[in-house]
Amino acid sequence: MKDLTPNSWEARAEGASLYGFTDYPTLAERGTTVLARGEGPYVVDTDGNRFLDANAGLWNMVAGWDHRGLIRAAQEQYERLPGYHAFFGRMSDRTVELSEKLVEVSPFERGRVFYTNSGSEANDTLVKMLWFLNRMEGRPEARKILTRVNAYHGVTAVSASMTGKPYNDVFGLPLPGFIHLTCPHYWREAREGESEAQFVRRLARELEEVIAREGADTIAGFVAEPVMGAGGAIPPAEGYFQAVQPILRKHGIPLIADEVITGFGRTGEPWGCESYGFTPDAIIASKAMTAGYFPMGAVILGPELADRLFAASAEFTDFPHGFTASGHPVGCAVALKAAEVILEGADGDEPLIENVRRTMPLFAEGMDRLARHPNIGEARYRGTMGALEAVADRETKAPFAADLQVSERIANACHDVGLICRPLGQAVVLCPPFIMTPAQFDEMFGKLEKALGSVFDAVA
Ligand SMILES: *Cc1c(COP(=O)(O)O)cnc(C)c1O
């Protein structure tokens with residue numbers, strides 16, 4: 001057990017704060033890391049320890065922790081108009097500008113944007129939009145939502161129902177009408193002797209069967225992350241979206257890309273759907289949209305859904321939905337700046353997405369190198385997001401005994417040498433900020449390699 005000095009930051013954290021998604025035994029043993037400031041891709045705790053954050057916070061702090069342009073954009077907007085809503089026919093000028101910008105950088109020729117404070121709320125909003133639309137268009141039974149096992153879409157009651165993780169059972173979720181299809185993870189889900197193409201065909205057949213069983217006219221939408229994030233950084237099997245999209249089209253079921261992680265450059269293209277060669281009917285954005293400098297999410301509807309929602313709202317006289325801080329002017333100013341910083345290049349700097357593209361091969365090389373360790377079963381990645389999956393036996397892909405807590409141990413060993421990376425199941429997830437230099441990639445993989453070696457020596 002960690003011995004807490006009275007009145008230390010750690011003791012005070014434990015005295016009055018609650019923790020989400022935190023392993024309580026590890027907390028009891030190691031205490032809270034209380035952060036005080038950041039520099040580039042590093043964060044510094046209240047004891048002055050520096051950590052390279054290989055997860056960019058929670059996938060979102062892609063411009064690091066001291067980006068002057070983003071900080072200035074927020075400061076200037078706080079001086080001009082520090083807050084406003086987007087109800088009753090009013091919205092800030094920055095909100096108008098951001099909607100234009102998001103449609104411009106989206107894969108859609110035209111579209112419309114609705115704002116939330118988070119990715120979870122954006123997914124909730126999307127589902128309510130589909131429910132509203134279908135009712136207004138005379139199809140009140142079209143309510144079911146299809147997602148996949150291991151998908152992560154958030155934590156509100158609806159977005160947690162979309163999430164395909166077993167822990168939601170503790171809340172009595174999912175709600176009825178949320179259906180989870182097979183995770184498109186070839187390495188883990190394929191049957192003995194099944195090729196990747198056969199695996200994808202099996203998943204397509206499953207989708208057809210579920211639609212036939214449930215009735216196409218009861219299904220409101222199919223929501224998918226182009227690369228699964230919190231489910232374990234899982235890129236889909238080759239050809240997956242090309243196999244499912246025609247089936248959805250045939251049955252008139254919208255395909256929504258949850259791009260909360262993959263949006264704004266993570267996969268080397270502005271959107272993950274572009275990396276995977278498909279155009280969805282709507283996009284969910286958050287996280288990197290403000291580079292983590294403001295809490296904000298958005299539903300970006302493509303032309304067809306935008307027209308239908310606009311028409312249905314006009315007919316009902318209202319779309320009765322929205323958050324007090326939807327389209328917050330400071331969030332919009334920060335997001336406008338983030339789009340410029342990441343995709344276009346701001347203040348004479350190259351666009352951050354250029355650095356992502358340049359360093360993707362370094363990321364791939366480092367992952368492939370660590371994958372040679374006999375206790376790594378799979379290195380999977382796309383762009384600069386990925387995971388290393390620990391296994392007790394490479395041949396059988398058998399995981400380590402759960403009570404060994406292998407990935408927690410690896411993350412803790414990394415922490416002790418100044419690297420933050422996240423345990424997820426038996427995998428360790430990496431998704432560094434977009435500003436990483438080659439030397440920082442070396443630091444990240446070097447520290448991770450040492451941590452893996454020491455943990456596997458202890459448990460294998
Ligand atoms: C993080 C995440 C969400 C939820 O976003 P919050 O801002 O945490 O509510 C939704 N979808 C995906 C793909 C995410 O990674």
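Observations, loosely collected:
- Model label sites at ARG357 and THR182, defined 7 Å from Cα along the beta-carbon direction, differ in position by 3.6 nm.
- Using a Förster distance of 60 Å, the FRET efficiency for GLU39-ARG191 (Cβ separation, nearest 0.05): 0.80
- Each residue of region 252-257 was assigned a 3J(HN,Hα) from its phi angle through the Karplus curve 6.51 cos²θ - 1.76 cosθ + 1.60 (θ = phi - 60°); the sequence is x, 9, x, 9, 10, 8 Hz, with glycine and proline shown as x.
- Pair GLU79, ASP368: separation of 7 Å Cα→Cβ label points (nm): 5.0
- Between ALA314 and ASN49, the distance separating the two model label sites (each 7 Å from Cα on the Cα→Cβ line) works out to 5.9 nm.
- Solvent-accessible area, 1.4 Å probe, carbon plus sulfur percent, for the chain: 52
- Cβ-derived FRET efficiency at R0 45 Å, LEU175 paired with ALA11, nearest 0.05: 0.70
- For the peptides 269-278, 345-354, 224-233, the ranking by mean Cβ contacts within 10 Å, running from highest to lowest, is 224-233, 269-278, 345-354.
- With protein chains left intact and a 1.4 Å probe, residues in region 367-460 average 41 Å² of accessible area per residue.
- Longest site-free stretch - the chain; sites: trypsin sites (Lys or Arg not before Pro), DSSP loop, at most 11 other Cβ within 10 Å: 192-371
- In a simple Cβ point-charge model (Lys, Arg +1; Asp, Glu -1; nothing else charged), region 131-210 has a dipole of about 200 debye relative to its Cα centre.
- Near VAL391, the amide H atoms lying under 5 Å from its own belong to ILE376, GLY377; only residues 5 or more places off or on other chains count, and H is placed 1.01 Å from N.
- Cα-centred dipole magnitude for the chain, charges only on beta-carbon of K, R (+1) and D, E (-1), debye, nearest 20: 500
- Options SER106, GLY345, ALA63, ranked by Cα towards positive dipole end of the chain, top entry (Cβ charges): SER106
- FRET efficiency, 1/(1 + (r/R0)^6) with R0 35 Å, evaluated for ARG201 and ALA402 via beta carbons: 0.60
- Were the residues from VAL417 through GLU104 laid out at 0.36 nm apart, the gain over their Cα-Cα distance would be 108.4 nm.
- Of the GluC sites (Glu not before Pro) found in region 382-460, those that fall in a DSSP loop while having at most 13 other beta-carbon atoms within 10 Å are GLU395.
- Expressed in Å, the radius of gyration and Dmax of the Cα atoms of region 100-239 are 16.2, 49.
- What the Kirkwood sum gives for the chain is a hydrodynamic radius of 23.0 Å, with every pair of different alpha carbons counted.
- Heavy atoms of the protein chains alone define the surface here; on that basis region 176-289 has 34 Å² accessible area per residue at 1.4 Å probe size.
- Applying a DSSP loop filter and a limit of 15 other Cβ atoms within 10 Å to the GluC sites (Glu not before Pro) in region 92-153 leaves GLU109, GLU137, GLU141.
- Among beta bridges that DSSP assigns inside region 70-344, antiparallel share in %, nearest 5: 45
- Beta bridges per DSSP with both ends in the chain, % antiparallel, nearest 5: 65
- A viscosity of 0.890 mPa s and a temperature of 25 °C, combined with the Kirkwood radius over Cα pairs in Stokes-Einstein, give a translational diffusion coefficient for region 70-344 of 129 µm²/s.
The values are calculated or read from the model by the stated rules, or taken from the named source; none is laboratory data. Quantities reported herein were computed from a predicted structural model and do not represent experimental measurements. Methodologically, a virtual Cβ is constructed for each residue, glycine included, from the backbone with ideal geometry; neighbour enumeration extends over all protein chains shown. Remember, those area values only see protein heavy atoms, side chains included, never the ligands or the DNA or RNA. Shrake-Rupley method; radii C 1.70, N 1.55, O 1.52, S 1.80 Å.
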